[in-house]
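As structure tokens, the structure follows; a few thoughts come after it.
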Amino acid sequence: MSKTLSKFEYQELVEKKAPGSRTVRNVLAAFVTGGAICSVGQIIMMIAENYGADKETAAAITSISMIFLGAFLTAVNIYDNISKFGRAGALVPITGFSNSIVSPAMEYKKEGYIMGVGAQMFLIAGPVLVYGIFASVIAGLVYFIWKQVI
Amino acid sequence: MAKKLGTQTVVLDTQPVIIGSAAIVGKKEGEGPLARYFDDIIEDEYAGEKTFEAAESRFMLNAYNKALEKSGKSASDIDFILSGDLLNQCTAASYAFRDVSIPYFGLFGACSTMSESLVLASMLIDSGAASNVVCAVSSHFCSAERQFRFPLEYGSQRTPTSQWTVTGAGAVILSKEGQGPRITCVTPGKIVDEGIKDSNNMGAAMAPAAADTIMAHLKDTGRTVDEYDMILTGDLGSFGSQMLVELLKRNGIDTKDKHHDCGTMIFDLNRQDVVCGGSGCACSATVLSSYIMERFRNNQLKRILFVATGALLSPTRIKQGETIPSIAHGVCIEA
């Protein structure tokens, strides 16, 4: 390429000139969207408790309902638009996790139920599950050893 | 016979003529500023097929048929098809042409495939090996997303330098004689890698390749930018274009208002939510075979340098921490 710029200088130039993310807008949108999703969860929980569910059952009902809502909104092609607006506010809650599993399941149905849906469903959620479970095992071990020491 | 000029330009003796061209695009492109120039707008992203991959082949075949019809030639007149796309193993092209029964070459130059095919077809015609050659390329937003990025319904985030893959196909029929703009010389590009790693910033990765080919072309031919009506890059997008102009300026070349980029022409960047503009093989191909050909017909263009740009990456190599090698092939088209 040009003899006037080294590779390193070019990369620095790109870094300097590249348009940045609209951080303030994104953080606000994430706050509002994430807050709204959690409020829906809270309402479901309060309704469940109101009908006599104990705290643990109410939490389970809430999780199940939110996962269903995430899956449903993905299936009707709405969740990706919520994510586009709400950014991490829509990705972090459990509805985003549901979106990450349902969307590849929909996408890869064309390759069949085994090699498509079955093999690709955890394309995005897979790493989260692997390291989530790994972290919980470590935490469990630490807790167990701690208990023995005390 | 063709003559090599300077380090990498080839001057054609038999100047191949673009006797027909066609552009078929999808819905979003059909809502863009160039909508009225396209031959057909297919609103259904499946184009009546069962999968996005089959839809892409359908776009390709339709563009080929339309271009053939406009050129007044029949399939039996065609010596070779040079075609490519973005999908693994170039299957949009090979599945599109499996029933056509014409000698076929599958090309991969990523988004530069339109100019790569024009370069090779021109040389084939100039060598006397062919009289009529079809150059056809395609890309499809949905098939590209599933191969290179995420499932469509996943709420993935677009970064400020990302681009939007154009859905469509462009086909050009080159002939050793006839009416239309001619290809007078070609400048095949070298692979250039300036160390950009972000696959969501392909404009910046490809800009040095475009600059390299444009500078080589000008040096080899001894021409200046003023001798062209337009320097037309493929899909650098708004940020890549900014980097190209900057790179050329630092090398003493002022592009003035001559540089245009198909990626920023095919979509309205303010209105269509495509961030830095269009990308994909079909981006430069559809703009060239519709709007640019129309402007040649109306005598608004006399000489352009068409430089489609390609990022020669794969998701695997990017995950392995590699940088993005890029390429740009120059094609000089004259009225």
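The values are calculated or read from the model by the stated rules, or taken from the named source; none is laboratory data. All figures in this text were calculated on a predicted structure; none of them were measured in a lab. Virtual Cβ from ideal backbone geometry, glycine too; neighbours counted across all protein chains shown.
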* Among the residues of the stretch B:278-307, how many are under 19 Å from B:MET215 (Cβ atoms) and touching a Leu at 6+ places or on another chain (Cβ under 8 Å)? -> 4
* Return the residue satisfying two criteria in turn: it lies in the stretch A:110-132 and is surrounded by 14 or more Cβ atoms within 10 Å (Cβ to Cβ) and part of a helix (DSSP H, G or I), and of such residues it is nearest to the other protein chains (Cβ to nearest Cβ). => A:LYS110
* **B:VAL10 at pLDDT 95 or above, within 27 Å of B:LEU120 (Cα to Cα) and more than 18 Å from the chain's Cα centre (by Cα)** => yes
* To do: Give the stretch B:317-335 a look and list any residue that's of a type in the set (S, T, N, Q) and out of contact with any Ser or Thr (no Cβ under 7 Å at 6 or more places or on another chain), or say none.
  => B:GLN320, B:THR323
* To do: Only residues that are of a type in the set (Ser, Thr, Tyr) and over 19 Å from the mean Cα position of the chain (by Cα): list them for the stretch B:289-319, please.
  => B:THR316
* To do: Check whether at least one residue in the stretch B:144-161 is under 24 Å from B:VAL192 (Cβ atoms), within 14 Å of chain A (Cβ to nearest Cβ) and of a type in the set (Ser, Thr, Tyr), and report yes or no.
  => yes
* Asked: surrounded by 24 or more Cβ atoms within 10 Å (Cβ to Cβ) and within 14 Å of chain A (Cβ to nearest Cβ) - does that describe any residue in the stretch B:176-195?
  -> yes
* To do: Given the conditions (1) farther than 25 Å from B:ASN88 by Cβ; (2) not in a helix (DSSP H, G or I), report the number of the one that B:SER290 does not fulfil.
  => (2)
* Would you check if there is a residue in the stretch B:38-50 being free of Cβ contacts under 8 Å to residues at least 24 places away in the same chain, out of contact with any helix residue (DSSP H, G or I) (no Cβ under 9 Å at 6 or more places or on another chain), crowded, with 16+ Cβ neighbours inside 10 Å and of a type outside the set (Val, Ile, Thr)? => no
* Unique residue being in contact (Cβ under 8 Å) with a residue 60 or more places away in the chain and assigned by TED's automatic domain parsing to the domain that holds B:ASP39 when the list is B:ALA67, B:ALA75, B:ALA93 -> B:ALA67
* Asked: Restricted to the stretch A:74-109, and to residues that are more than 7 Å from every other protein chain (Cβ to nearest Cβ) and not in a helix (DSSP H, G or I), which residue is farthest from A:CYS38 (Cα to Cα)?
  -> A:VAL76
* Restrict the check to the stretch B:260-279 and report whether at least one residue is away from chain A (no Cβ under 14 Å), part of a loop (DSSP other than H, G, I, E, B), in contact with a Cys (Cβ under 8 Å, 6 or more places away or on another chain) and on the phi > 0 side of the Ramachandran plot. => no
* What tally of residues in the stretch A:2-36 results from selecting those that are within 12 Å of chain B (Cβ to nearest Cβ), over 22 Å from B:GLY237 (Cα atoms), surrounded by 13 or more Cβ atoms within 10 Å (Cβ to Cβ) and in contact with a helix residue (DSSP H, G or I) (Cβ under 6 Å, 6 or more places away or on another chain)? -> 3
